[in-house]
1. Roll a 1.4 angstrom probe over the protein heavy atoms and tell me the percent of accessible area of the protein assembly as shown that is carbon or sulfur.
2. Which shape class applies to the stretch B:1-105: rounded if a/c is under 1.5, otherwise prolate when a/b exceeds b/c and oblate if not, where a ≥ b ≥ c are the square roots of the Cα gyration tensor eigenvalues?
3. Using only protein heavy atoms and a 1.4 angstrom probe, determine the accessible area buried between A and B, summed over both sides, in Å² to the nearest 100.
4. Across all directions of projection, what mean area in square nanometres is found for the Cα convex hull of the stretch B:148-205?
5. Please give every one of the lysines within straight-line cross-link reach of residue A:105, meaning a C-alpha to C-alpha distance under 20 Å, and leave out same-chain neighbours fewer than 8 residues apart.
6. Return the Cα extents of chain B along principal axes one, two and three, sorted largest first, each rounded to a whole Å.
7. Run through the DSSP bridge list for the stretch A:1-105 and note the antiparallel percent, rounded to the nearest 5.
8. Run down the aspartates and glutamates and flag those whose C-alpha is under 16 Å from the C-alpha of residue A:39, throwing out any fewer than 8 positions away in its chain.
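The values are calculated or read from the model by the stated rules, or taken from the named source; none is laboratory data. In this text the structure is predicted, and so the values were computed from the model without any measurement. Using ideal geometry, Cβ is built from the backbone for each residue, glycine included, and neighbour counts are taken over all protein chains shown. The accessibility values were calculated without ligands, DNA or RNA, using every heavy atom of the protein model including side chains. Shrake-Rupley method; radii C 1.70, N 1.55, O 1.52, S 1.80 Å.
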Number of protein chains: 2
Amino acid sequence: MINLGILISGRGSNMEAILRAIEMSKIKDVVPRVVISNKPNAPGLQKAAKMGVSTKVVYNSARGWEYDKEIVSVLRDHLVNQQNGLICLAGYMRIISPEFINLFKGRILNVHPSLLPAFPGLHAQKQALEYGVKVSGCTVHFVDVGVDTGPIVAQRTIEVEDHDTEETLSNRILMQEHELYIECINRFAQGRLSTLGRRVCIKSC
Amino acid sequence: MINLGILISGRGSNMEAILRAIEMSKIKDVVPRVVISNKPNAPGLQKAAKMGVSTKVVYNSARGWEYDKEIVSVLRDHLVNQQNGLICLAGYMRIISPEFINLFKGRILNVHPSLLPAFPGLHAQKQALEYGVKVSGCTVHFVDVGVDTGPIVAQRTIEVEDHDTEETLSNRILMQEHELYIECINRFAQGRLSTLGRRVCIKSC
């Protein structure tokens, strides 16, 4: 069994999709242990609590590893550790320190609303529209010390329509994010992801 | 009718696909007027000649606009002008000068073997494999003064497989390049492309 911790900062729509998928057994062998927010008022906290998952706010002025070691401590208190833990970032708007990343190397996933390496960072959908791409999508990747630069686990594409706005594009991508994230968590839980350098391969069952 | 000039440097596989599509009326209202190479031994030259298209080599040590004005002169001699000309780059391995681009603004197309803005420049497929993306593809774009930075007309995706090599990936992308380029030339010839800033829209028929 994999013990899952989810880090959020806002509404946690990917968090909600993951928790529902676990509830409905669309994700197997994964137990959601804790949802942690760096913002006290993140609406996702209430949703998680309603779904019966422990929640915790880590809100203070510490920086870098000073802050992250409190997160790690909460994760460990909830059995999310280096042996059988998985940490999913779901709209977590904080840069994670190298110490945290190295401690949980290969066990932190993030989803990003573009086909990385195109449009990393904030407002990826707006960046994509302004660039004028005809195809965008989303990426699930392992987190490394860069911003949205870690090894890619999976990607899904969507077509950008001429009439798309940031909102319509974001909504369509978000639906794909939910499905893709669930797929990737399952693969992780089944032990089917192997990483060679930057390339993540999927082992067949 | 659109008068087409194609610039090549090598085998001209996209050139061949375009010329065949015109022959088979898969591209309409476009007359191939001339194929120009900057390399005397480009194998594409013979292919073009066999298909009954005029060919020309512009091979000398001139640089930038000094060189390009010879290209422009050849194009004009073959009726490829700013009124009803279209210039397609097909593996043309030379940077085009701003003067040439401005003269034929919105009339020069290129195809690139990645989902731009990811992996511009040389060896795009190798770059994609080394990055570890799960999706790549190709892009047809108008040429501007940057390298592979012009407004995007269309993009197609292909999945990157775990066992892909640079060669297998390049081959699959190339098949998509052929089809996409043909589609875009048709849209151009039908007057269906309108550009607003960086966004290229397709007008319905």
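1. Carbon-and-sulfur percentage of accessible area, whole number: 51.
2. Oblate, since a/c reaches 1.5 and b/c is not below a/b.
3. Roughly 2200 Å².
4. Averaged projected area of the stretch B:148-205's Cα convex hull equals 5.0 nm².
5. A:69, A:203
6. For chain B, the Cα extents along the three principal axes come out at 49, 41, 34 Å.
7. Around 0 percent antiparallel, to the nearest 5.
8. A:68, A:70
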